[in-house]
Each structure stands twice: as structure tokens, then as C-alpha cells.
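A.B. asks: Structure below; questions to follow.
The values are calculated or read from the model by the stated rules, or taken from the named source; none is laboratory data. Computed from a predicted model, the values in this text were never measured in an experiment. As a convention, Cβ positions derive from the backbone with ideal geometry for all residues, glycine included, and neighbour counts pool all protein chains shown. Please note that ligands, DNA and RNA were not included when accessible areas were found on the heavy atoms of the full protein model with its side chains. Shrake-Rupley method; radii C 1.70, N 1.55, O 1.52, S 1.80 Å.
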Amino acid sequence: MTDQVSSNLSVVVAELARKLRDFYGAIKVECTELWSLQHGVGYVENAVFIAHYHFDVTADLLIFDPAVGSIGLVRILTAKTEPNTAGQQVRSYVDQAAYLRHLLVNEAERQSKLVPSVELVLVYPASVDAIADKVAEGLRDTITSTDLLDGIGVNTLGYQSQKNKVEFEAEGLGHAFAWLLHDTREWLQTRKEDPSATSQAVMTKLAIDNFRTFGTRELELPKYCSGKQKRPRIHLVHGQNGSGKSSIAEAIEFAVTGRLRRLGDSQLYAQTLCNRDTQKAKDAQASVTLFRGSADKVVRKIEEAPIKPLLEKFDGRALVLDQATMDDLSRAGDARRAATLLGAFFPEDYEIFQAYERAEKKAKAARSVLSAELENIFTAFDVTTLSFAEDTNLFSQWPVSRLWSEDFAAFLPLKAKTLEALAPQLGDLQSNLLSWLKAPPDKAEMLAAMDQVDAALEALRQRAAFRQEKLSTADKALKQLAHWEPNDVNQSTSETYTERLNRWLRLHALTDLADRRWAVARTLEQAKPAETNILEPGSPLNSDQLATLNRQRIQWRTERDQARSELQKHHAIEGSATSRASEGKSTRLRQDEIAALNEAGEWLEVGGLRLSGLGDAIGKALKENCAVTVGAISIGAMDWKERLAAAIKACLEALGELEALGEHWLGGRQRHERLLKALRSHHELMEWEAKATKQLTAQLQKHDSLLGKTLTEFAYLLTPARWAYEKLNLKLSTNDNGQHVLTMTGDAPEIASAHRLNAAELYSVALAMFLLCARRPDNTLRLLVLDDPFLNMDELTVSTVARAIGRLVRLWPDSDGWRLLILLHRESDVRCFAREVPCTIHRLPWLSPKPQDSGQKIETEFSRHSGQLLDIDALLKPKGSAAGTTTANKKTTAAVRSTP
């Protein structure tokens, strides 16, 4: 049930008027006095004006702010409002505001003066859901079916009634009347400066000679002045892609700072910035010339490297707002934003910003050389808990969340499979390495273990080419034996096929059991040698017992392989034919091939046994045409060549990978040092992040957090259809480490706004930061550059931003001489600005088909209106004093629905 307070229009009007007086210093005036105000904010209650002798303008509160040139229409819905008609009322209020704006634009063009902006504030009872829903529905219909909002701003304000009082949320009040720029004015008062000290250094012209584009281009930027000879503060440079807009921005940045952020400390300035055709000419050079005052000029020639800056402690971000700076101010983390704000806008803290930049660059470089495995480990460390002494051993401080058995592999130069193939060639280290691959060494012994592995691998790497040659020779020799098989050792027996099959099955089972027992016994012997019974399967064996077991299993394997060969010959006719075809054929190996096989056998292991004397064993088998056993290979068995070829191939590939590491390969200790360096540099970066955020906090607290409130207010003003977006809050907060940071949040404060806001909103935030903070006293050029700031913005947003910038520059003191240079590539953006603010338009010539065409000059034109605000009194008169024609609002508003 609705109470009488929220239903009473006069009560809501009176309370809102009181808020305007208390918070914004507004004064109540008579209808006849409103348009004659020179300073401050004035308002009229229950206003009825007539525009252009035919159109009624009614408002519960009519507000006028001459300083920023804004007219505000406040329309209030009460709890008595019929929900079914609320949406239609909203639509009619928008129509009225849009048509008023239309009349103002026409009159401003007639007078050649500046058109005031029009703001509509819709006030409604937030506690009445039916009305609130209809208000939202009406606004949605308006923005989707018309383009009325291109010319006006729409704001919403809900109110509650409690204890016979009407209450407005303080935050909602600030958003609904952000266009009065209350906090912005207060912030500008804290940034006042004495312009007389630098008035002679103001840049009046820029000349670029062969700077990226061919020839000389001159851009006139006359000093701002007010009065009858008033020159606009805003200069628009328009040109298509490739016409040289960014070249102008970079030329100004280079002239002031002696460098470009995108090139850093590189030695490629001349090669990058000098026009390509100019580089072909001998003695040709590129340069940028700044003309300051009446006679002073500074010529800045392009060298191979950065040159001395014109202004000390001055970063390009303080002069040019481009895509990179927008990202730093909007999308970057809190620490990056804090450092950027310090470096760009607070010259007294420039050293902190530089130190942060160096630490960030160092940290990025250190992390860039980490492997993917080490990068994964890096992220698990908490650098705030690490000790970084000179002899720091990271393994003693390993994160408990990491699995050591998996992390060990990140410090090995080769994969485990490759190292297993190389192990037989590492001498005494073989058994340790194979054990470490299964169970890594203790962390305390890790560095010493890695040193052993690295030393052994380096020694092997130096001999890798020689061993690859020998192994290749051995492999070729083996291929010559593709069709050789020894005589059947059982061919004279009368054994049946069934008996032979049973014998093979029995030998196969015995061999498998012996292999398993031998593997277990060998492991137990290494772990805990002791006297034991060879028949006990779970106990370790001594060395003699182990050797006996090994001989037995080799014998069983040889007999098994022979039995299988006999079975295959008995069963496969094709195999028998091949055997008969090759029977009696003499197969011989050269001595160098036997020698190569002997050497290869010392580097190979099959089934855990080294193949020592491999070449001699093969030679004997060939000579005697019989099976010979070497290690775990039975020469002449069915698959002996395949098993041996696979071992040689694996060894060749492993040696190839080792050799591919190169002379300066990274061992385990070097990998440890890289990880340590990355963690140490990240720790240093965090220390500078803390210093930057602490100093920014101090700067903000100097003004009682005024900057945060001002950024919120102005960024909100840059957003069209503000009622459709969540409330943006820029404020000081405390992070998990107890540091104060400037954070951006919305309706959900636990979620960073960079993850919630769209691209246009984020760039609006960056634009607000730049425009509010970049007017530094040491910027003697009195110039700020916006390089295509409307990326990702539609025409509605551009119009809104243009009006906001126009209001802001009207608040800049006439005496300070500041100007804005805005680089645009869309003609529609130029039209939006020219309609909203007085400006000078510079049009760049498009690219010429002739590369050395220097005759194309920049064309300059001026907007049609001056900076003087339209004489509103000539258009809008109190209803009682206007000449008496009746209104026809419904017809006129309908006619302008599609006219901004």
C-alpha cells in the first residue's frame, strides 16, 4: 500500500530541491531570472515555458547551469501514477526534451553560437515495482525505436519514502546529476596553476619533415584566447587510415620526450621513423619542429636511438592518450594503473614510475625465457614467503602444493625416455640416473645430482657425432642380414609339432617368471643387500645368486626363441621357402662393420643387459651358421634383428636430441637459476607495485579521495543511456596484501569492472582519467592529444562524449591556454564534435599515388559557432510572458522523433 508522502508530488519536488541546494549549491530563482544567470546553478519549481512561440516546455524542476551550458528537465512520477501509463509518460518526457534540443540546435545555428545540452532526469518511486518496470520498459522502447537520445542525456533517480520522509540515495543522486559536474569543478580548483610562467612556451605550430610521411607538413595550433578574437580550444585532425594521423601524435611525443613508447630503447628510430623514400637519398634526415611563442622554435632530429628529452620527468602517457595508454588505465591491473597514473600525471613521483617500469621490464624478460614446465612451477610460488639470499636453494623452499616427482623432470634437459636410451653411455652414473627417473633425489641433494647429470651429458654430447657415425654403420651392417637365418638346431630330432609347441610354452612361462624375479631381486639388492635364500621370492639376492639367476633366464630365453623359430618354420611354408632359397648363401661382414657393431654393443642395453661383443657374436653366428647369444639377444632367433634395430634406432635418436641442444644448452643448475631469477625479479616488481600504490594513495588522500569521486562522476557522464548500465565506482580500496589501490567496481564489488564493463565503457573510464589528470604544470606546450579515442564507440556514445568534453573544457580557466588535439578517422565523429563544441578542423590529404608528392597541404576550417552560449532567453520564455499562440506539442514532438 502506498503512503501519502510518496504520492504527493509537491513533497518530492521540495525534497529534491533541498538536495540540489545542499549538495550542488543551486539557488531558486524566478522564471524571468533563470536565463540571465552568469554563475552558479539555478532552478525553477513547477516551470512552464514556451519555446519558439509554439511549444510548451514543462518540468517539475527546470535547472540551468551557465558555466557548462546545460539545461535540465526534471520530471517526477509519484506513487499515484497509473502503472499502465507510466511508460507512455516516460516516452512523452523524452519527446519533449528531444524537441527542445532540436529547437535549440536550430536557434544556435541561426545565431552562430554554442548550443546548450539538454538533460532529462526521470524521478520515480523505486518501491513501486509496477511503475519502476514501466519506466524501464519505456526507456528501452525509446532507445530501440528512435534516435532521440543522440541529442540529449537521460538520467534516472529512484526514491523511497520512510517515516513520512522522501529519501534519495546519495549515490543515485550523484549519478542522476553527474552533468552538473560538482566534483569535477572541485577537482579543477585543486589543479589551478599560474600560466604566466610558461605562457611564452606554448606550442603554436608543428612541422614534421619526412617523419614517416614524405615531405613537410605543418599543423597550425594557435594559442587559445577568449574575447572577441576567441580561438577554439579543441582542434580536430581528420583523415582516413594511412593519411598520417598517428604520425602527428608520435611526432609530438617524440619532440617532447625524445623517444616513443612503442620503440623503447631500440636503435631503430631512424630506420622506423624516417620515410622510406627519404632513406634512399644521401644525407636526407627526418625531423620534428615545434614553434613556441612568436619566434622560438625547437628542431628535433631523428637519430638511431632516443635523444635527450625536451621536458624532464615527462612520459608520453602524460601527453598522448592512445590505445596502449587506454588499456593501462582501464584494462590493466590495479598496480599497473597506479604506476601509470603516477608516471603520467604526478611529476613529483616520476622516479617511482620509472623504477616500476624497469622492474616490470626485468620481470617480463625473466619470465619470458622460462619453459612451459618452469612457468607452471613459477605460478605456484608465493614470492612474499621466499628467502632470496645469495646462495638461495629453491628446492628447500618448494611449494607444498607441487608434486616433486613431476617437477623434477622440468630441470632435466631431455625427456625421461631419451635419458633412459642414453643411460648405458653414462658410465657410473647410469644406475643413479635410472633410479632418479623413477624416484627423484631428495631436494637437499638436487643441485649436486643435477651437476652430475649435466657433466655426464656434456661429455657424451661432445662424442655424440662419432657415436652416431658408428651406430649408423652398425645399422647398415644389420640390414645386410635381413634374409640370413642359422640352421635349425632341432631338425634331426623326431619331435612332433605338439611336443615342440608344449616345449615353447613351458620355456615362455619360465622366461617370464625369471625376468620378473630378476627385476625384483636387482631392485631389492640396490635397496637393502642381505643374505637370503634364492628360493624365497620376496627377499633380496646377493651378487652371486643374482648372476646365477641371470644366466638361467638368458638360457631359457635363448631356448624359447629357438623353439619359436622352429614352430614358425614348421607352420609357415613361405618362411620355409625363404629359408631354403637362402640356404647355402654365404653372408659375411667386413671388419670395420664388426668393429662398429662391437662399439655399438657397449652403448646398448636390451632387457637390462649390455650387448658387449655384439659384432664378434654376429660374426661367429654367420661363420658357424648357428644361433649365438649376446646379452639378452639370441642371434638367429625369430625377432633378433628387429629388437637390435629398435635399440640402435632409439640410441641414434637420443644422441641426435642431445646434439641438438647445442653448445650452450641449459643444465639443471641453469634452469634453477632462471627460475630463481624470475621469482626474485617478480618479488622486486611487487615491492615497486607496493610503493606505487602507497604513493598514489598519498596523492589521492591529499584531496580527501576527491579524484576517485571525480572520476566516477565524469566517467558516468561519458556513458549514454546511463540508466541502462550498472553504477561505476572508482575508489580506493585495500587488496589482500593490505595495500591501498585504485579499483574499479560496479554493482558487484567483488568482481573487477574490467571483467564486467564493455569496451566502450572501459575506454570512457580511461578518457576520464586522462582529461582530468593530464593537465600538468610542466607541460609547457599546453596541449593534450587524443589519438582516435572513440574506438569501439557508436555514434550515440560519440555524441555523448563530445558533449561531456565540451562541458569540461568550458570549466577550464580562460587564462591557462590549454588545448585538445583530437585525431579522428570517421567523418561522423567530426560532425558530432563540430555540432557540440567550438573547434578547428584540420583535414589531412589522402595518400598520393606518387610517393614523393609534397604538395598536399593540411586544409583548415572552423566550426560555424563561437564559444559563446546561445541566448536562451530569445527562445524560451515563461508561459505568461510569451506571445500568445497555443501549443501543439503532440504534433511537433512527433515530427522530430527521428531528428537529433
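A.B. asks: Counting heavy atoms of the protein chains only and a 1.4 Å probe, report the per residue accessible area for region 5-180 as a whole number of Å².
C.D. replies: With the other protein chains kept in place, region 5-180 gives 37 Å² per residue.
A.B. asks: FRET efficiency for Gln88 and Gln160, Cβ-Cβ distance as r, R0 = 30 Å, nearest 0.05?
C.D. replies: Efficiency for this residue pair is about 0.75.
A.B. asks: Follow-up. How do 322-329, 442-449, 473-480 rank on mean C-beta neighbours within 10 Å, highest first?
C.D. replies: Ranking the peptides 322-329, 442-449, 473-480 by packing returns 322-329, 473-480, 442-449.
A.B. asks: Could you give P(r) for region 37-141, binned at 10 Å from zero, as whole percent values over all Cα-Cα pairs?
C.D. replies: In whole percents, the pair-distance histogram is 14, 41, 31, 12, 2.
A.B. asks: Provide, as a two-decimal number, the C-alpha radius of gyration of region 212-364 over 2.2 N^0.38 Å, N being how many residues it has.
C.D. replies: Values: Rg = 17.4 Å, N = 153, 2.2 N^0.38 = 14.9 Å.
In units of the 2.2 N^0.38 Å rule of thumb, it is 1.17.
A.B. asks: Right, here's the next one. Tell me the label-point distance for the pair Lys301, Thr379, using the 7 Å Cα-to-Cβ offset, in nm and rounded to one decimal.
C.D. replies: With each label placed 7 Å out from Cα toward Cβ, I get 5.1 nm.
A.B. asks: Sticking with this structure for a sec: Could you tell me what percent of the accessible area of region 66-179 is made up of carbon and sulfur, with a 1.4 Å probe and every protein chain present?
C.D. replies: Details: 1720 of 4040 Å².
Looking at region 66-179 in its full context, I get 43 percent from C and S.
A.B. asks: Follow-up question, since we're still on this one. Could you give me the ³J(HN,Hα) list for region 634-651, computed from phi with Karplus coefficients 6.51, -1.76, 1.60 and θ = phi - 60°, whole Hz, x at Gly and Pro?
C.D. replies: 9, 5, x, 5, 4, 10, 5, 5, 5, 5, 6, 5, 5, 5, 5, 4, 4, 5
A.B. asks: Still on this structure: Assuming R0 = 22 Å, what is the FRET efficiency of Cys626 and Arg517, from their Cβ-Cβ distance, to the nearest 0.05? All intermediate terms of the calculation are to be shown ahead of the outcome.
C.D. replies: On the way: r = 29 Å, r/R0 = 1.32.
So the FRET efficiency works out to roughly 0.15.
A.B. asks: Which whole-number percent is the relative contact order of region 300-395 (Cα, under 8 Å, 6+ apart)? Kindly include the intermediate steps, with their values, before the conclusion.
C.D. replies: Working: 41 pairs, mean separation 17.9, N = 96.
It comes to 19 percent, rounded to a whole number.
A.B. asks: Would you grab the residues whose amide H sits under 5 Å from the one on Cys274? Only those 5+ places off in sequence or on another chain, please, with H modelled 1.01 Å from N.
C.D. replies: Excluding prolines and chain starts, which carry no amide H, the hits are Arg212.
A.B. asks: Report ³J(HN,Hα) in whole Hz for each residue of region 673-681, in order, from the Karplus equation J = 6.51 cos²θ - 1.76 cosθ + 1.60 where θ = phi - 60°; Gly and Pro get x.
C.D. replies: 5, 5, 5, 4, 5, 5, 5, 5, 5
A.B. asks: Shape verdict for region 5-180, please, from the Cα gyration tensor: rounded (a/c under 1.5), prolate (a/b greater than b/c) or oblate.
C.D. replies: Because a/c hits 1.5 or more and a/b fails to exceed b/c, region 5-180 counts as oblate.
A.B. asks: Could you compute the FRET efficiency for Ala416 and Gln354, with r as their C-beta to C-beta distance and R0 at 51 Å, rounded to 0.05?
C.D. replies: That gives a FRET efficiency of 0.65.
A.B. asks: Could you rank Glu45, Glu624, Glu406 by how accessible they are, 1.4 Å probe, largest area first?
C.D. replies: Glu406, Glu624, Glu45
A.B. asks: Under a crude label model (7 Å from the Cα following the beta-carbon direction), how far is Glu390 from Ala660 in nanometres?
C.D. replies: Each label point lies 7 Å from its Cα, and together they span 4.0 nm.
A.B. asks: Longer than 31 Å from Cα to Cα, which of Lys223/Lys301; Lys245/Lys297; Lys308/Lys691; Lys113/Lys879; Lys28/Lys709; Lys361/Lys857 are they? Say none if no pair is.
C.D. replies: In this structure, Lys361/Lys857 lie more than 31 Å apart at Cα.
A.B. asks: Kirkwood Rh and Cα-based Rg: tell me the resulting Rg over Rh for region 234-279, rounded to two decimals. Display every interim value, and only then the final one.
C.D. replies: Values: Rg = 12.1 Å, Rh = 12.0 Å.
Here Rg/Rh amounts to 1.00.
A.B. asks: Residues in region 229-249 near a label at Ser266, defined as backbone nitrogen under 20 Å from the 7 Å Cα→Cβ point?
C.D. replies: Under 20 Å, as judged by backbone N against the label point of Ser266, lie 242, 244-249 of region 229-249.
A.B. asks: Shape call for region 399-451 from the C-alpha gyration tensor, a ≥ b ≥ c root eigenvalues: rounded (a/c under 1.5), prolate (a/b greater than b/c) or oblate?
C.D. replies: prolate
A.B. asks: Leaving ligands, DNA and RNA out of it, rank His483, His182 by accessible area with a 1.4 Å probe, largest first.
C.D. replies: His483, His182
A.B. asks: Relative contact order for region 5-180: what percent, with Cα pairs under 8 Å and sequence separation of 6 or more? Kindly include the intermediate steps, with their values, before the conclusion.
C.D. replies: Numbers: 297 pairs, mean separation 36.1, N = 176.
Answer for region 5-180 is 21 percent.
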